[in-house]
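Below is one structure, written out as structure tokens; comments come after it.
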Ligand code: ATP
Ligand code: MG
Ligand code: MG
Ligand code: MG
């Protein structure tokens, strides 16, 4: 079943059951707590909080999501994309636990001929929050699930919140057992690769005042109504139904891997390290396309930096696969051909998107051409002195002279079998900022106050990827 059909069946199922179909919001929805939309519920947040009255009681959507937190997982796990699509059904004070369980169970276990996904009910496991006896009982009654396939887990997995004050509630997750060849027995608690999480049902019922950590928060009180918020990973269901090993091999993503294999002359499936690179390329090219489609341009901070890092990582992965040519102009059109089916605006904006990508590739090629020699020398020097840590000075020089962001230095160092004295690098950066500040002060009143610009550049320039992650949360 292709991805488009899986998406269609999801929407149809819920539309038939009285849900208003709501189109995906932009990835850049205005929410001060988030860099990007990272879950289907984000556009509905005011309804859950009771700040606005929902114009409908039930809704269904397929929401574009970006989770930068998952970037390091891409290509290494089978199931994490930086961009993915979350299919969701929502109830605003209408149906609650029994309705949510019934709707989800019917869709996943109904036969393909009957409009469902046809999953074997014997291979489905679910989880509930520790002590949530009610939800356990409902799974037994409504789905006929035996107790052995209902696991209790802690708040870290089974209490959903946004990581910041806002709505939250216990959740119940649905997993598919891929079989003994994919890992140890024992349910999702034992192995999340064998038991693949496909759908999260959130019983959104509380308002959180303070959130110290994902599993450490204070409940302010009940929300004005009991709500349902669910999220089913479109790519995860697609990879299962298409009989693939991971989400990067589905119909919407695999053509990019094929194109990358053609360009590099390497074979996908022949070498584990290369395969991770192929999957990173497929993921990052698609995420880059979707971000540029929603109007992000590469830059040195915030959203622009995320995009820049994704595009540059895709280009570098192609280089590591042996392709030195201009990669994005070859790969983006392949991703476009797939993604425009669901997102026709991409075609309308294609000229703008391809120009943005092309300029970024040109700039990055210049940076690499200038800095790679210095990096290689530094790495060589470090190794020949018997050390394994690239000094803060060297990382600083790469940044200051050649505009190498620290992430790039970290990645290249790790490929060379080295680590980087990050603390040293950061203290040199801080010193430079101080100097710029003092300089700016001294020059106050003069007309060319470049120190200030330098300071802004330094503050926003080689940004710490992690600094942006704090804006974003997810359930695990
Ligand atoms: P995981 O534990 O696998 O990281 P999650 O618990 O973080 O997933 P949720 O926040 O519950 O995920 O999101 C709802 C659904 O969205 C998940 O059940 C999964 O199907 C899908 N999903 C979440 N993160 C990703 C991702 N990075 N790539 C693809 N699909 C995802
Ligand atoms: Mg989850
Ligand atoms: Mg996660
Ligand atoms: Mg999870």
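The values are calculated or read from the model by the stated rules, or taken from the named source; none is laboratory data. The shown structure was predicted, so the numbers you read here are calculated from the model rather than taken from an experiment. Every residue, glycine among them, receives a Cβ derived from its backbone with ideal geometry; neighbour counts consider all protein chains shown.
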Identity of the residue in region 131-179, surrounded by fewer than 14 Cβ atoms within 10 Å (Cβ to Cβ) and touching a residue at least 12 places away in the same chain (Cβ under 8 Å), that ends up nearest to ligand 2 (Cβ to nearest atom):
156
Collect the residues in region 165-178 that are in contact with a helix residue (DSSP H, G or I) (Cβ under 8 Å, 6 or more places away or on another chain) and more than 12 Å from ligand 4 (Cβ to nearest atom), keeping them in residue-number order.
166, 167, 170, 176, 177, 178
Residue 324 being at negative phi, in the same structural domain as residue 264 (by TED's automatic domain parsing) and in contact with a helix residue (DSSP H, G or I) (Cβ under 6 Å, 6 or more places away or on another chain):
no
In contact with a helix residue (DSSP H, G or I) (Cβ under 6 Å, 6 or more places away or on another chain) and free of Cβ contacts under 8 Å to residues at least 60 places away in the same chain - does that describe any residue in region 235-256?
no
Among residues belonging to region 106-122 that are outside any loop (DSSP other than H, G, I, E, B) and under 27 Å from the mean Cα position of the chain (by Cα), point out the one that is surrounded by the fewest Cβ atoms within 10 Å (Cβ to Cβ).
108
Can you spot a residue in region 108-122 that is within 13 Å of ligand 1 (Cβ to nearest atom) and either in contact with a strand residue (DSSP E or B) (Cβ under 8 Å, 6 or more places away or on another chain) or at pLDDT below 95 (or both)?
yes
What is the residue count in region 377-396 for residues that are crowded, with 18+ Cβ neighbours inside 10 Å and part of a helix (DSSP H, G or I)?
7
Scan of region 8-54 for residues that are in contact with a helix residue (DSSP H, G or I) (Cβ under 9 Å, 6 or more places away or on another chain), over 21 Å from residue 84 (Cα atoms) and without any contact (Cβ under 8 Å) to a residue 40 or more places away in the chain, ordered by number
51, 52, 53, 54
With 204, 232 as the choices, which residue is within 15 Å of ligand 3 (Cβ to nearest atom), touching a strand residue (DSSP E or B) at 6+ places or on another chain (Cβ under 7 Å), in the same structural domain as residue 149 (by TED's automatic domain parsing) and in a strand (DSSP E or B)?
232
